[in-house]
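The values are calculated or read from the model by the stated rules, or taken from the named source; none is laboratory data. Remember, it's a predicted structure, so these values are computed and weren't measured experimentally. Counting neighbours? That spans all protein chains shown, and the Cβs are built from the backbone with ideal geometry, glycine included. Just so you know, the surface numbers come from the protein's heavy atoms only, side chains and all, with ligands and any DNA or RNA stripped out. Shrake-Rupley method; radii C 1.70, N 1.55, O 1.52, S 1.80 Å.
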Amino acid sequence: MAERSFAAEVQQLKVPEGTVFRGEGILAVTKALLECGVGYVAGYQGSPISHLMDVLADAQPILDELGVHFETSASEATAAATLAASVMYPIRGAVTWKSTVGTNVASDALANLASGGVTGGTLVIIGEDYGEGSSIMQERSHAFAMKSQMWLLDPRPNLPSIVQAVHDGFELSEFSRTPVMLELRVRSCHVHGSFVTRANRRPDFTLQQALAQPVRDTSRIVLPPAAYLHEHEKVIDRWPAAVRFIEERQLNEFFDGDLKDIGIVMLGGHYNNVQRALMAYDMADLYGQSRIPQYVMNVAYPVIESEVLRFCEGKKAILVVEEGQPEYHEQHIHTILGRAGVRTVVHGKDLLNRAGEYTVVELKKGIAQFLQRYHPAALAQPVPLAMPKAARPAAQAAAAEPLRPIPFTSPEAAAAAAAPMRQGVVELAPVVPGRPSGFCVGCPERPIFSALTLAQDELGMHHIAGDIGCHLFACLPPFNLGASTMGYGLGASSAAAFNVIGGGKRPIAIMGDGGFWHNGLTSGIGNAVFNKFDGVIVIVDNNYSAATGGQDILSSRADNEHRSTRHPIETAVRGVGVEWVRLVDHTYDVKRMLGVIREALTTDFRGPKVVIAQSECMLNKQRRVKPQVAAAVKRGERVVKEKFGVDAAVCSGDHACMRLSGCPSLTLKSSGDPLKPDPVAHVDDGCVACGHCGEVADAAVLCPSFYRIEWVRNASAWEQRLHRWRQGVVGWFQRRQQRALQARALYGENV
């Protein structure tokens, strides 16, 4: 069950040619794929392209009508390898995943694909997750494109440009016999707009035809001596072909302006932000008219040398807008101009931030410095510089000193060491309080880590290797569990080095069900069996690939019309040789969870010990259950909703429940008792009645202040009579106590 349904929106994919299509970028990409006659699409979900996979899944009937094969891949490597269908056959294929981590997983397959080349157009749609909204390390995909000689498109973030890039990408791939990468940032995936449609096309050559007419050519397979010839072919034949196609089709764009002696060179993905920054100084308008000439590189790689020279002709200076490190384009443009003897001054990272996302605010600072240096009169009014004038000399002076590693002794020390790179970045800490990521209300993973915390309190600290997924939030307060994370499904592999005799405490590895099926079964569990790993591997099974939006996986317990589910993780684990396996099918039972973890850490059994902690993702459960409950109430059926609370009179104010839970719905409030000044625990209305707070309080032998209530809607006649009788009895006792208190106040303790 994905986090969002596009069932209504995908109906637009069937509109006839010439229709004005309105929607967001992801829908536009899907429509463009169908217009291009794509034969198959595969991929692995992840930000910011998760919704592309969801759209394709919801559009399955439309894909079937057009003869387009679609599948959700087990990993990015699986998706990339799927493109092999286009090596020998003229079939257009597309795959998608989150970059750069996904591209890294797929790099082996991509390298082989790019080496041998393709016959049918192949498009790799990568979600470029760079910047402050990212959930991964800060890297870019450019290096992968250069490494394997694949062409990288980075269109302007508007729907017509994105759709055109899909069409151009397939044609460029076929013309140069090379895979093409299409880079979509968050702002591109979710930008809204419109474009005029073309007709959907059935594949010109189908997978069925390929199966019926097999073709093979050993020169396309990466084996010596063909492998050595592939490199020459890429550089001598395919690269010039790609350059010729890009030039003739004018994939890159030139925008003129009246300040002809300066210019701005940018990647297409930065265009909107650059325009907004220029508008702040009356250098551009809403319609794209700019006073400063611009060269927009919708093709990030390869760089077209003739176009760079043409743009720089007669200009005394240009500003290169390219976020992140290294500054590939700035270096390349320096080389092009130097070889041609062109004396245009190239600015980039000397005026813009050396690292980080180029937001409008950051671009305004760099553009202001560029204009003040070369066209100060063009500025309507002086703009204060964000970067101190001495920043560059200071940085050069620092570079002359011996290099020392940044001491990661504390966040404060690391921030101080990185200060020279920040160049005037506004710190939000004094303005906005820190809000670390955390588990959702009622998350079934929270009790797992509560139990693990209690186990360590009892048995001592253990080395814990983390993994990619929601469970990684356990490394933050209140649990503070986990020493590393190396990649999706690599939790068990991350603990492999600690498989030593006489090491004392057993290492613990965490892995999610999504990571398990992605990479963990072979790289983690299989490796642990093969090497007789004597540690503990906790597999968090929440039914879905929850961290990417709640998509179904092999072990999902939901029925899926187009996928095969209900394949237990326990069966797979035992299938590769694990003998010690424990299944906890209700993680909210903290006592049981604690007992299993204690057993795994103390048993005499030698070998991998796998604990499968199984409960449905609460976010997906609420998406599934809430509509069912609402419908039942509307039909007049009896519906019971549970809720937990804390008795303020009993709560001692110790707050240990919070330290072992961290649930957002478990908060503080005044006790209402002047003799109890400390705030007491309180469960707010966001509670989903998972019961974890009460369970952890019980397992840790804490106070008995938690209680459970049942809210009954559409109660039966008997329940309503019983409720009125209970209210009457309770009311009688309350009135009796009130009269006694009043009498005592009037006549003293002798009453």
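Ranked by the mean number of other Cβ atoms within 10 Å per residue, highest first, peptides 238-249, 338-349 order as 238-249, 338-349. Segment 437-462 and segment 646-673 have Cα centres separated by 18 Å. Our summary of shape: the Cα atoms of segment 190-260 have principal axis extents of 55, 34, 25 Å, ordered from largest down, in whole angstrom.
Computed about its Cα centre, the charge dipole of segment 601-749 is approximately 800 debye, with only Lys, Arg, Asp and Glu carrying charge at their Cβ.
Only the Cβ atoms of Lys and Arg (+1) and of Asp and Glu (-1) were treated as charged; on that basis the dipole of the chain about its Cα centre amounts to roughly 1660 debye.
With Cβ to Cβ distances under 11 Å as the rule, what net charge do the other residues near Phe245 carry (K, R +1; D, E -1)? Show your work: numbers first, answer last.
Values: positive: Arg238, Arg244, Arg249; negative: Asp168, Glu171, Glu174, Glu247, Glu248.
Around Phe245, the charge tally is -2.
Using only the Cα atoms, what convex hull volume per residue in Å³ does segment 503-574 have?
Numbers: hull volume 6.6 nm³, N = 72.
About 91 Å³ per residue, rounded to a whole number.
Helix 239-249 axis versus longest C-alpha principal axis of the chain: approximately 90°, rounded to the nearest ten. How would you classify segment 617-751 from its alpha-carbon gyration tensor, with a ≥ b ≥ c the square roots of the eigenvalues: rounded for a/c under 1.5, else prolate if a/b is greater than b/c, otherwise oblate? Oblate.
Cross-link partners for Lys260 among the lysines, with Cα-Cα distance under 29 Å and sequence neighbours closer than 8 places in the same chain left out: Lys315, Lys316, Lys349, Lys364, Lys365, Lys389. Straight-distance candidates among the aspartates and glutamates for linking to Lys14, with alpha-carbon spacing under 14 Å and chain neighbours fewer than 8 residues away dropped: Glu35, Asp58, Asp64, Glu65.
Compute the distance from the alpha-carbon center of segment 131-208 to that of segment 583-638, in whole Å. Segment 131-208 and segment 583-638 have Cα centres spaced 40 Å from each other. Straight-line cross-link reach from Lys621 at under 27 Å between alpha-carbon atoms covers these lysines, not counting any fewer than eight positions away in the same chain: Lys98, Lys591, Lys634, Lys641, Lys643.
What net charge do the residues around Cys443 carry, taking every other residue with its C-beta under 12 Å from that of Cys443, with Lys and Arg at +1 and Asp and Glu at -1? Don't skip to the answer; put the middle values down first.
On the way: positive: Arg446, Lys621; negative: Glu445, Glu616.
Result for the local shell: 0.
Phi-derived couplings, Karplus 6.51 cos²θ - 1.76 cosθ + 1.60 at θ = phi - 60°, listed residue by residue for segment 625-641: 7, 4, x, 5, 5, 4, 5, 5, 4, 5, 7, x, 7, 6, 10, 10, 10 Hz, with x used for Gly and Pro.
In degrees, nearest 10, range 0 to 90: what is the angle between the Cα axis of helix 446-459 and the longest Cα principal axis of the chain? Roughly 70 degrees, rounded to the nearest 10. Across segment 595-600, coupling constants 3J(HN,Hα) worked out from phi with the 6.51/-1.76/1.60 Karplus curve, θ = phi - 60°, read x, 5, 5, 4, 4, 5 Hz, and Gly and Pro carry x.
Rank these residues by their accessible area, most exposed first, probe 1.4 Å: Thr565, Thr72. Please report the intermediate quantities before stating the final value.
Numbers: Thr565 20, Thr72 55 Å².
In descending accessible area the options line up as Thr72, Thr565.
Considering only protein heavy atoms and a 1.4 Å probe, what is the carbon-and-sulfur percentage of the accessible area of the chain? Could the numbers behind the result be given before it?
Details: 19720 of 35420 Å².
On the chain, the fraction of accessible area on carbon and sulfur atoms equals 56 percent.
Bridge orientation summary for the chain: considering DSSP beta bridges with both residues in this region, about 30 percent are antiparallel. Counting only heavy atoms of the protein chains and using a 1.4 Å probe, His142 has close to 10 Å² of accessible surface. Answer rounded, prolate or oblate for segment 96-169, using the Cα gyration tensor with square roots of eigenvalues a ≥ b ≥ c: rounded when a/c is under 1.5, else prolate when a/b is larger than b/c, else oblate. It comes out oblate by the Cα gyration axes.
Do the sum for the chain: with -39,500 (n - 2.57) for every DSSP H run of n ≥ 4, divided by all residues, what is the mean residue ellipticity at 222 nm, to the nearest 500 deg cm²/dmol? Before the final figure, lay out each step's value.
Working: 27 runs with 271 residues, N = 751.
Using -39500 (n - 2.57) per qualifying helix, the result is -10500 deg cm²/dmol.
Restricting the calculation to alpha carbons of segment 544-626 gives Rg and Dmax of 14.9, 46 angstrom.
When a/c is below 1.5 the answer is rounded, else prolate if a/b is larger than b/c, else oblate, so apply that to segment 57-194 with a ≥ b ≥ c taken from the square roots of the Cα gyration tensor eigenvalues. In terms of gyration-tensor shape, rounded.
Ranked highest first by the average count of other Cβ atoms within 10 Å around their residues, in what order do 49-57, 120-128, 223-231, 201-209 fall? Don't skip to the answer; put the middle values down first.
Details: 49-57: 25.3, 120-128: 28.8, 223-231: 11.8, 201-209: 15.3.
Answer by packing, highest mean first, reads 120-128, 49-57, 201-209, 223-231.
Inverting the pair-averaged 1/r between distinct Cα atoms of segment 1-89 gives 13.7 Å as its Kirkwood hydrodynamic radius. Looking at His51, Thr603, Met486, which one has the Cα that reaches farthest to the positive end of the dipole of the chain (charges on Cβ: Lys, Arg +1; Asp, Glu -1)? Checked the options; the winner is Thr603.
Sorting the segments 671-678, 685-692 by their mean number of nearby beta carbons within 10 angstrom, highest to lowest, gives 685-692, 671-678. Heavy atoms of the protein chains alone define the surface here; on that basis the chain has 47 Å² accessible area per residue at 1.4 Å probe size.
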